[in-house]
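The values are calculated or read from the model by the stated rules, or taken from the named source; none is laboratory data. These numbers come from a predicted model, not from an experiment. Here the Cβ positions follow ideal geometry from the backbone for every residue, glycine too, while neighbour counts run over all protein chains shown.
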Amino acid sequence: MIENGPASVADFPGKQNCGQLLKALAEDLQPHQGEDERIIPIVRAATSLYQSHESVSKGGTYYSAFSVQSLTRFLPHIDAIVADLESDPVQYDINIDSPVPFRLEDMPGQLNALLTTTDVADNAKYMSGLTLRIHEIVGDRRLKPIIDPENDRDLAKWLEDHLGLVNSPKGQITIIDLSLVPSDVLTLSIAAFARLTFEALQRLRRLDQETLPVAMVLEEAHNFIRKPSSEDSGELSAATLCRETFEKIAREGRKFGLGLVVSSQRPSELSTTVLAQCNTFLLHRLVNDRDQDLVQRMVPDSLGGIFQELPSLPSRQAILLGWATELPVLVEMRELAEDHRPRSSDPEFWNSWIRQTVPNTTWQQVADDWQKP
């Protein structure tokens, strides 16, 4: 700003931007004064300078004209720190995507400070929608456990809990129940989990030549990797990011030990990129014509006749084909003990209607569980 001459900090909107930038600088550096004593004079100078030009009224906060001389007083302190950073030979492997904790309450202030810089100020009006969206996400109670947990999360502990110990002789099964998560939050949550898992295995492979085999099972996969439709606007939505994450895992995950098991009752709604990377298929009963046509196109014409049985396959029977077997084979799933079965049986409508079976839970208990903080 100073390089553009005295008018750039004395006239509007330059003086307003300068005051906001000084205030953001002081507030951002204040928590770090104990880490480097050279930060202390910068915070003091910036605070004194913006407060001496600041006036608050009902219409907002305004700043009077700044002079170039007053702004150059603490620039040598900043230049000294910057010079040390530039000469530091250590290369930090941290980028905007790194899972580094930060205080969520600092984010709006950082964004507002960014809007006052000369590079972004001209486009500030186009970023109002982004600012509003960020405030909406920060205030969303459903996302709070992810973006602002009550307790600090340790990344190594998180990886151990979800992927297991690297050197453990036993494997681990982790089940993440997302059945009651709203769809708009669902895609963000599962995409973040998948990206963390994938990059963790990539970094493990880079540090150690051995891999940790992990199989990620996606139940009702069409909710996560739905193929794009003609109605999509082309904007980068949460659903698009989630689909692209799993498409990348399907293409590249195998060499890092990450495999996908994709389960869906509607294969025709799945991403064709993910389906093209599948090497083994276990086909249960399919009655939809589009689903049958899709799976028929994935196998040689000489095996097309076996799909005539798909609409009439009984429960627990399926056709297995692909790398897992030299020839397609009809298989039958083992009968599980009742206490080991998932709660996925069809509702007993008739018994319920004649009141042979009734729920033991009241609507009040449902409401209390639904509305609990």
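What to note about this one:
- Note on segment 315-363: residues that are among the acidic types (Asp, Glu) and assigned to a strand (DSSP E or B) total 1.
- Among the candidates Thr47, Thr61, residue that is modelled with pLDDT of 70 or more, β-branched (Val, Ile, Thr) and under 19 Å from Leu111 (Cβ atoms): Thr61
- The condition of being within 37 Å of the chain's Cα centre (by Cα) and within 28 Å of Ser229 (Cα to Cα) holds for only one of His284, His340, that being His284.
- Of the listed requirements (1) over 25 Å from Ile137 (Cα atoms); (2) in a loop (DSSP other than H, G, I, E, B), Arg203 misses just one: (2).
- Matching option when the condition is loosely packed, with under 13 Cβ neighbours inside 10 Å, within 20 Å of Ala221 (Cα to Cα) and among the β-branched types (Val, Ile, Thr), among Thr273, Thr357, Thr280: Thr280
- Tallying residues that are under 22 Å from Asp293 (Cα atoms) and acidic (Asp, Glu) within segment 309-344 yields 1.
- Identification of helices (runs of 4 or more DSSP H) wholly contained in segment 237-298 with 3 or more residues that are farther than 21 Å from Ala192 by Cα yields 272-277, 289-296.
- Residue ID - modelled with the lowest pLDDT, chosen from residues in segment 179-205 that are more than 17 Å from Ile249 (Cα to Cα) and surrounded by fewer than 17 Cβ atoms within 10 Å (Cβ to Cβ): Asp184
- Selection over segment 182-201 of residues that are among the β-branched types (Val, Ile, Thr) and farther than 17 Å from Arg226 by Cα gives a count of 1.
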